[in-house]
Amino acid sequence: MSASIDKYSVILPTYNERSNLPVIIWLLAKTFKENDLSWEVIIVDDASPDGTQEIAKQLAKVYGPEHILLKPRAGKLGLGTAYVHGLQFVTGNFVIIMDADFSHHPKFIPQFIKLQQTKNYDIVTGTRYAGNGGVYGWDLRRKVISRGANFLASTLLRPGVSDLTGSFRLYKKHVLEQLISATISKGYVFQMEMMVRARHLGFTIGEVPITFVDRVYGESKMGANEIVQYAKGVWQLLSLGRESLKRSGNTKEGSLDLQFEFYHRKIFKTGEFPSQAKQATYGRPQTHKPPHNGQKPRVIFTS
Ligand SMILES: Nc1nc2c(ncn2[C@@H]2O[C@H](COP(=O)(O)OP(=O)(O)O[C@H]3O[C@H](CO)[C@@H](O)[C@H](O)[C@@H]3O)[C@@H](O)[C@H]2O)c(=O)[nH]1
Ligand SMILES: [Mg+2]
């Protein structure tokens, strides 16, 4: 990759990542240097009790304060708002968001950048659910939650992105600013809301298949509360998805109106599980994968 005036700012939210931080920073620095890119990492730590901030301060000394910036918060305020906080300190024109626990490998960053440059995409998102992408190390429960969350939001809201809940993404800074100011979610649901709003606002999104490997050190911070917040988030975004779909003219087959009424009646009143409930009425859904060419995906119900 050739030298340019572009600068890439990574927002790295951390909570108890003391063991992971030195290695992820080392990998990031190596990737940026090898590709001759201008960079900085903004670590947003929420008062981790394990001393993550002490490590971050040492890393700032090693790599230089122009590359490693610690922007802490007073307590654990959630993943979504960590990005909002970090964004204030960004000096680059591109922002990369990713996890600090090696689930997101920096080796994919040059691919994100290359794809962004080919079509001047507003956003490039890593996807575990297209091409060679995948998830390693999760148990069945976690896989089902992730697939279910993606299925629910992609069926109801149809943003045309194959991985709505992933959080390894590259944004043009002004696009991220605009999206963040429109986004209301605070926790993990934030990622999905960002994609739905991006489509609604007409931003272009490219996808790079990534392998997501579960963390080696420490524990996931995703709990039952995040799942409830996610379902609420989908519900709140229904009107947006409906509007985008009408604008795209893709309202004939498996109409969102129909689904909206159906989900409203069956799921939110009776608590029936979405895919079973839908299949019972409409038959097996055949999801046409988003073709990654900007076209909207379609869902047809067969009986
Ligand atoms: N500052 C801050 N950081 C946080 C918080 N909660 C989590 N983090 C940091 O955010 C990153 C992801 O947290 P994990 O706890 O490792 O998430 P996960 O269960 O592996 O979930 C991953 O997959 C989800 C979807 O499948 C994603 O939605 C999620 O963003 C993440 O990539 C890690 O770097 C973690 O330290 C918080 O409240 N505050
Ligand atoms: Mg993780």
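Taking the conditions exactly as written (buried (at least 19 other Cβ atoms within 10 Å of the Cβ), without any contact (Cβ under 8 Å) to a residue 60 or more places away in the chain and aromatic (Phe, Trp, Tyr)), does Tyr129 satisfy them or not? Here the answer is yes, as Tyr129 does meet what is asked.
Residues in segment 206-240 that are surrounded by 13 or more Cβ atoms within 10 Å (Cβ to Cβ), aliphatic (A, V, I, L, M), within 13 Å of ligand 1 (Cβ to nearest atom) and farther than 18 Å from Asn20 by Cα: Ile210, Ile227. Taking segment 77-106 as the range and being modelled with pLDDT of 95 or more, more than 15 Å from ligand 2 (Cβ to nearest atom) and in a loop (DSSP other than H, G, I, E, B) as the test, the residues that pass are Gln88, Phe89, Val90, Thr91, Gly92, Asn93. Specify which of the listed residues (Ile205, Ile184, Ile210, Ile227) is under 19 Å from Arg128 (Cβ atoms), away from ligand 2 (no atom under 16 Å from the Cβ) and not aromatic (Phe, Trp, Tyr). The conditions single out Ile205.
The values are calculated or read from the model by the stated rules, or taken from the named source; none is laboratory data. Keep in mind that what you see is a predicted model, and the values were worked out from it rather than measured. Because the Cβ atoms are built from the backbone with ideal geometry, glycine has one as well, and the counts that use them run over all protein chains shown.
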